[in-house]
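A short write-up of the structure that comes next.
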2 protein chains.
Amino acid sequence: MASLEFRLEGHCPQTAARAGRVTTDHGVLETPVFMPVGTVGSVKALTQQQLKEDVKAQIILGNTYHLYLRPGLEVLERAGGLHRLNGWDRSILTDSGGYQVFSLAGTRKISEEGVMFQSHIDGSRHLFSPEKVMDIQRSIGGDIVMAFDECTPYPSEYGYVEKSMRLTHRWLDRCWERFHEMPDKYGYTQNLFPIVQGGVYADLRKQSCEYIAAKGAVGNAIGGLSVGEPEQQMYDICQACCEALAEARPRYLMGVGTPWNILECIGLGVDMFDCVMPTRNGRNAMLFTSRGVINIDNKKWEFDYSPIDEGIGSNFSAYYTKAYLRHLVKAKEILALTIASVHNLTFYLWLVGEARRHILQGDFEGWKREQCEVLRQRL
Amino acid sequence: MASLEFRLEGHCPQTAARAGRVTTDHGVLETPVFMPVGTVGSVKALTQQQLKEDVKAQIILGNTYHLYLRPGLEVLERAGGLHRLNGWDRSILTDSGGYQVFSLAGTRKISEEGVMFQSHIDGSRHLFSPEKVMDIQRSIGGDIVMAFDECTPYPSEYGYVEKSMRLTHRWLDRCWERFHEMPDKYGYTQNLFPIVQGGVYADLRKQSCEYIAAKGAVGNAIGGLSVGEPEQQMYDICQACCEALAEARPRYLMGVGTPWNILECIGLGVDMFDCVMPTRNGRNAMLFTSRGVINIDNKKWEFDYSPIDEGIGSNFSAYYTKAYLRHLVKAKEILALTIASVHNLTFYLWLVGEARRHILQGDFEGWKREQCEVLRQRL
């Protein structure tokens, strides 16, 4: 079994967009790729069959914080890792738990050693250190594991962000060491991605990129964006990071975003994305479609018997009508959550697939400009 | 398009069980058949794709009371009926709303004319009369529609049950007249089934069977059972009804029941079943399997990585493990509801399919005796 490989297959002549192919021991990701979020080992409201056959996901995420608390490491280890527990035989990426510890946990105390926090489930106290988080991710068994970082909120003062970034760097060193001194646990290779931090400060981001570049990791991530900063600032920082990060390695922008965010960031050189938006917004009756955004709760869809979306080559999205989905939402049927989630994820995967096709075809820029206008329309 | 047809294909030499084939304008039901309940036009937590491909349902139920309140008749009519609204192109049966009016509605007032009740959603007042219920079912467009009846609770005194049964008979006359003076609405044939009532009183049941026999309907239903009476009493009344109802017509036992109830009643001559148990109990972590009943919430399954059920020829039920499903239940994931519901329904459909196979093979009785013991075991 082998370390993650990345092969570039095409570049957009006008933008920094590129198409490539990431290979892990669980398969190939054609990039740009979108990764559905499977918080506790299940992408909310979808079966693994729907993820494969309808959404056509090549990789899903698991959240270290959630999986550590539930089902816990013993269940995961005795299963032989998350792939074996949930039956997902394609690639898996796990986050480091950092973001969740800061956003979900109640009281938490940060120190050089790590973060002491209380479980949002039962209030029990736990320490996440860089070493512990590596050990946990070894037990979960993702193909790609993330370094433990502090994600600073927006806005944060320069001094705080700088201090936090340096802590993230020291934690990265400890993650790196621990990760590489431990063997793979389940017979396939896991791969560690460092995370760039530095808030909205371009010079800090540059320093952070340089710091992680020294590791020569097989892939790199950009963290700490899409946390409330203006859209343009996100693009500016994303661009600065992409320019500073290794061309020959996949770049993963964490937690972003809307369909138009994703297209813009592909144009800046990002290869991998994840976001809860398609599933979370779907569960709140918001649909992303190839013609724009739909609030399916709205009375205007009551008698609209047209398919949810016929423009994305999906039998599933063409099967159910807007009037039916609206009815299910009003009646609070579980099926409403499933249909909206399957559709939104199918749309996201279609979108990055189309972006890839247009990059390879050489007409990405014009297509992207057009799409960004269409997709953000409110229908 | 043609009225419902029933062809008998085989009889059990020891019991009254039979195998047959019901044909509606939307397809064939191989009997004995189990009909998943799709209350508001969705079988809870399942997609129509899962119902077809995993569960292999040949017909689903819709509830007149629920559909009348939500989405309402205008949405149904402008869609061209429920088949068009929910995309289910196989057969549909709708109940008459009687049972729901009595069990769900708050204040209600029963008279010769019908039942005045208040919606459980917004408290609005509505009248269900036999004529109105026929009109509503015409608008929903089920292949099989049910007569409007009063379902007496258990226990009820003889005098009350007798009076109620006679009202149900007068309502049946009005249903029959209204139904047959109105043309089919959507280009295919709808079929009206009368319902036998009479509580647990054998002589009343006999009278009721005789009364409805006079209609010469294409199929007949047994209502008012599985409402709290002892199991043996249910079997006795079911047997009396089956013996009194036309041999050449399908017999539908409403709202029954556990897997062993279903096998016993097949042995008494029942051809069609519906029940919310597989979905409702599934949503409460109870699994019916080919080896017995599982409470998947139980700690004993925490490290059990064996498939939910490998004995029913289902890829879906063999895909997910007990440990994974238990984890999803504990984490309150929506996927837990889906997996349990798909599995339980797949099991129910497998069970009636096996019953059919054994009837045709001539060894139903011995198989049934064995199964009834295995299936009710608590694992």
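Values quoted throughout were computed directly from the atomic coordinates according to the rules given, and no laboratory measurement underlies them. Since the structure is predicted, the reported quantities are computational estimates derived from the model, not experimental observations. Neighbour counts are summed over all protein chains in view; Cβ atoms, including those assigned to glycine, are modelled from backbone coordinates with ideal geometry.
Quick look at the numbers
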read-out: Environment charge of B:Gly159, counting only residues whose C-beta is closer than 15 Å and scoring Lys/Arg +1, Asp/Glu -1; value: -2
read-out: Proximal charge balance of B:Lys332 [Cβ under 15 Å; K/R count +1, D/E count -1]; value: +3
read-out: Signed unit charges on C-beta, dipole axis of the protein assembly as shown, positive-most listed residue A:Tyr252, B:Gly187, A:His126; value: A:His126
read-out: Debye, to nearest 20: dipole size of region B:120-170, +1 on Lys, Arg Cβ, -1 on Asp, Glu Cβ; value: 140
read-out: Sequence-distant residues sharing a close amide H with B:Thr289 (under 5 Å, placed H); value: B:Ile294
read-out: Cα-based radius of gyration of region A:103-206 once divided by 2.2 N^0.38 Å, which approximates compact folds; value: 1.15
read-out: Nearest 10 degrees, 0 to 90: helix B:334-361 Cα axis against chain B principal axis; value: 80
read-out: Share antiparallel - DSSP beta bridges, chain A, percent rounded to 5; value: 50
read-out: 7 Å along Cα→Cβ, label-point gaps from A:Gln14 to other copies, nm, shortest first; value: 7.8
read-out: Inter-copy spacing of A:Asp236 label points, which lie 7 Å from Cα along Cα→Cβ, given in nm from shortest upward; value: 8.5
read-out: Sites A:Arg21 and B:Ala318 - FRET efficiency at Förster radius 30 Å, r taken between beta-carbons, to 0.05; value: 0.40
read-out: Proxy reagent accessibility, fewest Cβ within 10 Å first, across B:His120, A:His358; value: B:His120, A:His358
read-out: Helix B:259-268 axis, angle to chain B major axis (alpha carbon atoms, nearest 10°); value: 50
read-out: Within region B:325-379: Cβ-based charge dipole about Cα centre, in debye rounded to nearest 20 (Lys, Arg +1; Asp, Glu -1); value: 280
read-out: Modelled FRET efficiency - R0 35 Å, A:Ser3 with B:Ser119, Cβ distances, 0.05 increments; value: 0.05
read-out: C-alpha center-to-center spacing [region A:294-373, region B:228-255] in angstrom; value: 48
read-out: Shape call, region A:67-136: gyration tensor on alpha carbons, a/c limit 1.5; value: prolate
read-out: Angle in degrees between helix A:364-375 and the longest Cα principal axis of chain A, rounded to the nearest 10; value: 70
read-out: Other-chain or far-sequence residues with amide H under 5 Å of A:Val256's (modelled H); value: A:Asp274
read-out: Shape call, region B:172-223: gyration tensor on alpha carbons, a/c limit 1.5; value: prolate
read-out: Reachable aspartates and glutamates, given that their alpha-carbon falls under 18 Å from the alpha-carbon of B:Lys215 and they are not under 8 places away in the same chain; value: B:Glu5, B:Glu131, B:Asp149, B:Asp173, B:Glu177, B:Glu181, B:Glu243, B:Glu247
read-out: Compactness of the protein assembly as shown as Cα Rg over 2.2 N^0.38 Å, two decimals; value: 1.09
read-out: Label-point gap, in nm, between B:Leu73 and B:Glu30 - each point 7 angstrom along Cα→Cβ; value: 3.9
read-out: Geometric extent, Cα atoms of chain A - Rg, Dmax (angstrom); value: 20.2, 61
read-out: Sequence-distant residues sharing a close amide H with B:Gly10 (under 5 Å, placed H); value: B:Ala19
read-out: Inter-copy label distances at B:Lys206 (7 Å, Cα→Cβ; nm, one decimal); value: 9.9
read-out: For region B:123-164, diffusion coefficient by Stokes-Einstein and Kirkwood Rh (Cα), 20 °C, 1.002 mPa s, µm²/s; value: 171
read-out: Least to most buried among A:Arg356, B:Arg326, B:Arg84, A:Arg369 (fewest other Cβ within 10 Å first); value: A:Arg369, B:Arg84, A:Arg356, B:Arg326
read-out: Distance in nm between pseudo-label sites at B:Lys300 and B:Glu181 (7 Å out along the Cβ direction from Cα); value: 6.1
read-out: Order of A:Val28, B:Val227, B:Val329 - criterion: other Cβ atoms within 10 Å of each residue's Cβ, fewest first; value: A:Val28, B:Val227, B:Val329
read-out: Region B:274-330 shape via C-alpha gyration tensor axes, a/c threshold 1.5; value: oblate
read-out: Candidates B:Leu69, B:Leu61, B:Leu351: whichever shows maximal mean-square fluctuation once chain B is modelled as a Gaussian network with Cα springs under 10 Å; value: B:Leu69
read-out: Listed pairs A:Lys322/B:Lys44; A:Lys132/A:Lys185; A:Lys109/A:Lys132; A:Lys322/B:Lys132 exceeding 20 Å between Cα atoms; value: A:Lys322/B:Lys132
